[in-house]
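Asks: Please see the structure below; I have some questions.
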Amino acid sequence: MIQNFSLFNPSQTAHPVIRKFCCSSRQVLVRSLSDSENSLRLGYSYTVTERDKQHFRENGYVHLKGVLSEEEMDSLEEIYNGFLNKQLVDPSKLGKDFCDMSGDYNRPLSEFNIINIMLPSKYYPPLKGNLYEQRSASIAEQLCGEDMVMDYDQLLAKPPLKPEAVFHWHQDLAYWPVTSDTRTASFWLAVDDSNEENGCIRFVPGSHREPQLRPHLPLHGDREKSHTLVSKLRPSDQFVPAVLKRGDVTVHHERVVHGSGGNTTKTSWRRAYVIAYRSQSTVDEERRMGFTHSHNDAVEVLNEVGKEKLNS
């Protein structure tokens, strides 16, 4: 059972991006807000160095170390496991938002390779405003500007002994409406140490600067059968594995090509907690279209995303 959490309310000391999403009376689960040995991590904020900002601009992603401490990770991990153990939310109430990102929607839970839970804070509101949201909001502002807001969140877990848990090469924007504002900060928090053996995320540096999205096709026929889209690497592409320690994050652009391999270990889980930020105007535009990042969004809406005009 989930227990032994302290509670706090988002207040005027919280990051302004978080306050947009949290009413003052909502209680949020966090165990520790203490400053850490990492000098970049302070309270609700994390300082991004100029070198890391440049790496993000040039390569389309950046690895930030120690965004959360071990103690802070313990609190999030208990909630994360509450989802995986079906203690917090009944998966049957999530519809397509509880699925296997390597298979079609008919695959039974016992056969899942990549456990995917979309919008966890929608289905479990006490998750909103947690310390990871606070710190990622401060980082998104430093990388992209003051008007960045949280667009969606997601849990992705690969159990051990799942070599088929391959997240195919793709660009996030293929899943999303194409808008004029291309600023994006998608965070990937390592809940476990993440390496090539258990399926760490991998990036093709600089691919976010290509003038057009690469072709993507549904993995299992169409978007009604499966949410997963697949692109291909080019002969000239060279990918870089992001080997992360628990509490590290990567932040990436919506156009950078990325994916991950299967989990070939015998005992090691590879759990990730994703939060994506886009500009307020972009999120407003998405919602007017009926696009919420839920796999339960209307199929006609999902079929229109990831399209851009040639030579635009």
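Please treat every number below as a calculation from the coordinates, not as lab data. Being a predicted model, the structure only gives us computed values, none of them experimental. Because the Cβ atoms are built from the backbone with ideal geometry, glycine has one as well, and the counts that use them run over all protein chains shown.
Asks: Over the Cα atoms of the range 236-312, how large are the radius of gyration and the largest Cα-Cα distance (Dmax), in Å?
Replies: According to the Cα coordinates of the range 236-312, Rg and Dmax are 16.7, 48 Å.
Asks: Something else about it: Between 95, 215, 180, whose Cα lies farthest towards the positive end of the dipole of the chain when Lys and Arg beta carbons carry +1 and Asp and Glu beta carbons carry -1, centred on the Cα centre?
Replies: In the chain, that residue is 215.
Asks: Also, quick follow-up: Hey, could you pull the Cα Rg and Dmax for the chain, both in Å?
Replies: 18.3, 55
Asks: Given points 7 Å out from each Cα along the Cα-Cβ axis, report the residue 104 to residue 224 separation in nanometres with one decimal.
Replies: Here the modelled spin labels are 1.2 nm apart.
Asks: Here is a further query. Please give the FRET efficiency for residue 47 paired with residue 193, using the beta carbon to beta carbon distance and R0 = 25 Å, rounded to the nearest 0.05.
Replies: The pair residue 47/residue 193 has a calculated efficiency of 0.60.
Asks: So which trypsin sites (Lys or Arg not before Pro) in the range 250-298 pass both tests, a DSSP loop state and at most 12 other Cβ atoms within 10 Å of the Cβ?
Replies: Numbers: sites: 255, 266, 270, 271, 278, 287, 288; in loops: 255, 266.
Filter output for the range 250-298: 266.
Asks: Any idea what the relative contact order of the chain is, in percent, if you count C-alpha pairs under 8 Å spaced at least 6 apart?
Replies: Values: 679 pairs, mean separation 76.6, N = 312.
Computed over the chain, the figure is 25 percent.
Asks: When 176, 188 are ordered from fewest to most other Cβ atoms inside 10 Å of their Cβ, what list results?
Replies: Listing 176, 188 from fewest to most nearby Cβ atoms yields 176, 188.
Asks: OK, next. Run lengths n ≥ 4 of DSSP H only: what is the helix-derived mean residue ellipticity at 222 nm for the chain, with -39500 (n - 2.57) per run over all residues, to the nearest 500?
Replies: -5500 deg cm²/dmol
Asks: Identify the GluC sites (Glu not before Pro) of the range 208-299 meeting these criteria: DSSP loop state and at most 15 other C-beta atoms within 10 Å of the C-beta.
Replies: Passing both the DSSP loop test and the Cβ count: 224.
Asks: About its Cα centre, what dipole magnitude does the chain give when the only charges are +1 on Lys and Arg Cβ and -1 on Asp and Glu Cβ, stated in debye to the nearest 20? Can you show the working numbers first?
Replies: Values: 37 positive and 42 negative charges, 43 e Å.
The calculation lands at about 200 debye.
Asks: If you rank 284, 97 by fewest surrounding Cβ atoms within 10 Å, what's the result?
Replies: Ascending number of Cβ neighbours within 10 Å: 284, 97.
Asks: By the gyration tensor of its Cα atoms, with a ≥ b ≥ c the square roots of the eigenvalues, what is the shape of the range 76-117: rounded for a/c under 1.5, prolate for a/b over b/c, or oblate?
Replies: Prolate shape, in that a/c is at least 1.5 and a/b is the bigger ratio.
Asks: Something else now. In the range 144-180, whose amide N lies under 16 Å from the spot 7 Å out along Cα-to-Cβ of residue 289? List them in ranges.
Replies: Residues passing the 16 Å test: 151-152, 171-180.
Asks: Mind giving me the FRET efficiency for residue 65 and residue 280? R0 is 30 Å, r the Cβ-Cβ distance, nearest 0.05 is fine. Mind showing how you got there, number by number?
Replies: Numbers: r = 29 Å, r/R0 = 0.97.
Result of the calculation: an efficiency of 0.55.
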